[in-house]
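Worksheet for the structure shown next.
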Amino acid sequence: MSFAVAALLIVITLLGAPLFTVIGAGALTGFHREGVDLSVVAIEFFGLSETPVLVAIPLFTFAGFLLSAGHAPQRLVRLSQALLGWFPGGLAVISLIACALFTAFTGASGVTIIALGALLFPALTQAGYDERFNLGLITASGSLGLLFAPSLPLILYGVVSEAPIDDLFVAGVLPGTLMIVLLSLYSYWRNRKLHYVVTERSWSAAWAAVVAARWDLPLPVVVLGGIYSGYFAVSEAAAVTALYVVIVELVILREVPWRDLPRIMRESTVLVGAILAILGVSLASTNLMIDTGVPQRLFALVSQYVEGPTTFLLVLLLFLLVLGAILDIFSAIVLIVPLLLPIAAQYGIDPIHLGIVFLAAMELGYLTPPVGLNLFIASHRFEKDITEIYWATQPFLIVSLIAVVIIAFWPDLSLVLLGR
Amino acid sequence: MARSVETWLVVVVLGGLILFGAAQILLRNVFSISFAWGDGLTRLAVLWLGLLGALAASRDGRHITMGAVGRLLPQRLQVVALVTADVFAAVVCGALAWYSWMFVSDSREFGDVLLDGIPAWWLQAIMPVAFGLMTYQFIAQGISRLRGSRAALVAHL
C-alpha cells in the first residue's frame, strides 16, 4: 500500500467512515497494485461461510441480549447480595463478580454498565461507598469478564487464530479470576476506613433468591458442562443456550413478550453484522498481507530490536495498550492477530497464552481515551462528565494493568489448567 | 417497510439457526440421524445473517467506526466530515457489490454447487444484493445529513 493511500485511509477513518469500508478499500487497492483480479475480495468474504464455529457468535450474542432484556440482571444482583451482602465490603466484590459473569454472556458491548450499573450504583451508594469509587468500579467492571466463557472476543480470537475454543475457555479462567481478586483487594484497601452498612444475614432471603434464580443457574452448566463433557461442540452449546434462554424468558417466566423478540433479534444481529463485516473484509486484507510477505518483513524488523521472549512480551504489552486505546477489541483481533501469531511463534509464545494476554491487554482499552467505550457509556448512563469518569477509573486501570503484567509474564497461569 | 422486511429476514435466519442447531443435537444423540449438509447449511446461514446484520447496521448507523475525532469538529465541519465518510462508504460498498456480482456470475457460469447439488450462486447472490443495498443506504444517509444541515441553517437564518 502506498503512503498516499494509507494516509487517505487514516483520514477517512478519523472522519467517521465504517471501519469495514476502510479495510475493504485497503484490500481492494492492495490487490489492484498486485495485479490480482478484484473479485478475490468477494471470494475471501465468502470465506465467512467456510469458517467453523463462527455460528457461536450470533447465537451467544442473541442469548446475552435476550437475558438482559428480561429480569436476569436483577436476579443476579439479588442472589449475590443475599449470599454476600452481609459481609463487610462484600458489595464491591459482588459487583465485580456479577459484572464479570454478565459480561462473559453479553460480550462487553456496554450492556453490563447499562443493565447492571443501574442496579449496583444505588446499592453501592446505600452501603456507604463514595460516589467516585462507585463510578470507577462500575465503569471498570463493564469489560471485566472478557476472559470467561463464552465471551465474544474469546470466541473471535479462536476463530481467527484457529486455536481450539474450548482450550481458550479453560485458559481464561485463572487469569480472569486473578483480575477479579486484585480488584477486590484494591476495593478493600481503598475502603479500609469506611463504616460499611451491611444487610442482615438471612438464610430465608438467600434461599428465596436462589429459588428466584432457579432458571438462570443452570445456564453456566449448559454452556460449560455441555462443552467439557464432550456432549456437544461449542457451536451446539451456543444453539442450546439460545433456545434455553428463549424458552425461559418467553415461555416459562414470560418476562419478555413475544412481540419484542424481532427487535431483540435485530439488535443482536446488528452487533454481529458489524463484527462479521469487519471479519469478512479482513480475511481479504490478511491474505493480501501474507501474499506480499508482510509477516516475514515484520518479523525481520522486530527481531532486529527484540531479543528473547521476555523483551518480546514487554514490547507486545506496550503495543497492545496503545492499540487498545485506538482500536476496538473486535477489529484489533481480526486485523492484528493474524500478523502477531507467526511472530509470537518465533519467540516460542503459546498461541493460547498469546490470546489471553491479547484480550486482557485489550480489556484495558475500554478504559483509556480516546475510544474507551466504557468511559462513553458510563458518562452517558450516569450523566457525568467524561473526564470525571476517566479520573474515577484511574486506580482500577492501574490495578488491572498489574494483573495484565502478571498474566503476560506468568504463562502457567493461563496454561496450567490445560496441563501444558 | 424495507426495515421490517430486513427484521423479519433476521428473525427467520436466526430463529432457523437456533431451531436447526438444537434439532441436530437431538436427532444425532437420540435417533443417530445426522445430515451431511447440516454444517454447510449452518455456515451459509451465518454468512447470510452477517450480511443482513451489516445491512441493518448501515441503516441504523451502528457500524464500528473510529470517528471520535470527528465529534470534536465544529458542527458545520462535522456534517462535511460525515458526508465525506458516507460517500466513501458508498463507493467501497459499490465496489464490493460489483466484484461480488462478478464472483457470483463466474460461479454461475462454472456451475458450482453447494450442499449436495444446490447451485452455489443462489446462496452467494446475497452478497451483491446486500452490498448493493448498503451502497444505497450510505447514499441516502449522506443526502439526509445534507438536508438536515440545510434545514438547520435555514432555521438559523
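Each value in this text was obtained by applying a stated rule to the coordinates, not by laboratory testing. Keep in mind that what you see is a predicted model, and the values were worked out from it rather than measured. Cβ coordinates were reconstructed from backbone atoms using ideal geometry, including for glycine residues, and neighbour counts include every protein chain displayed.
Key figures
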item	result
Euclidean distance between Cα centres, the range A:382-419 to the range A:1-34, Å	32
Highest-first arrangement of A:122-128, B:76-82, A:132-138, where packing means the average Cβ count within 10 Å	A:132-138, B:76-82, A:122-128
FRET E, pair A:LEU417, A:VAL11, Förster distance 51 Å, beta-carbon r, rounded to 0.05	0.65
For B:SER34, A:SER49, B:SER105, order by how many other beta-carbon atoms lie within 10 Å, fewest first	B:SER34, B:SER105, A:SER49
Magnitude of the charge dipole, the range B:65-126, Cβ model with Lys/Arg +1 and Asp/Glu -1, debye to 20	520
Segments A:172-179, A:270-277, B:85-92, A:144-151 sorted - mean Cβ within 10 Å per residue, highest first	A:270-277, A:144-151, B:85-92, A:172-179
15 Å beta-carbon shell around A:PHE396, net charge (K/R +1, D/E -1)	-2
Dipole of the protein assembly as shown, positive end: most advanced residue of A:ALA205, A:VAL55, A:THR286 [Cβ charges, Cα centre]	A:ALA205
Dipole magnitude (debye, nearest 20) for chain A, charges at Cβ of Lys, Arg, Asp, Glu	1020
B:TYR99, A:TYR305, A:TYR231 arranged by Cβ crowding within 10 Å, fewest neighbours leading	A:TYR305, A:TYR231, B:TYR99
Inter-chain Cβ neighbour average for residues A:47-57, partner chain, 10 Å	5
Sorted peptide list for A:11-22, B:140-151, criterion being average Cβ within 10 angstrom, highest first	A:11-22, B:140-151
Fewest-first ranking of A:TRP207, A:TRP215, using other Cβ atoms within 10 Å as the exposure measure	A:TRP207, A:TRP215
Overall form of the protein assembly as shown per C-alpha gyration tensor (a/c, 1.5; a/b vs b/c)	rounded
Relative contact order of chain A, defined on C-alpha pairs under 8 angstrom at six or more residues apart (%)	25
The range A:311-420 shape via C-alpha gyration tensor axes, a/c threshold 1.5	prolate
Using alpha-carbon coordinates, inclination of helix A:203-212 to the longest axis of chain A, degrees	40
For residues of A:90-101, the mean tally of beta carbons on other chains within 10 Å	0
Shape category assigned to the range A:118-265 from the gyration tensor of Cα positions, a/c cut at 1.5	oblate
Length-normalised contact order of the range A:1-149 in % [C-alpha pairs under 8 Å, at least 6 apart]	20
Degrees, to the nearest 10: A:373-382 long Cα axis against longest axis of chain A	30
Sequence-separation-based contact order of the range A:220-366, relative, with Cα cut under 8 Å and 6+ spacing, percent	21
Peptide A:275-281 - average C-beta neighbours from other chains (10 Å radius)	6
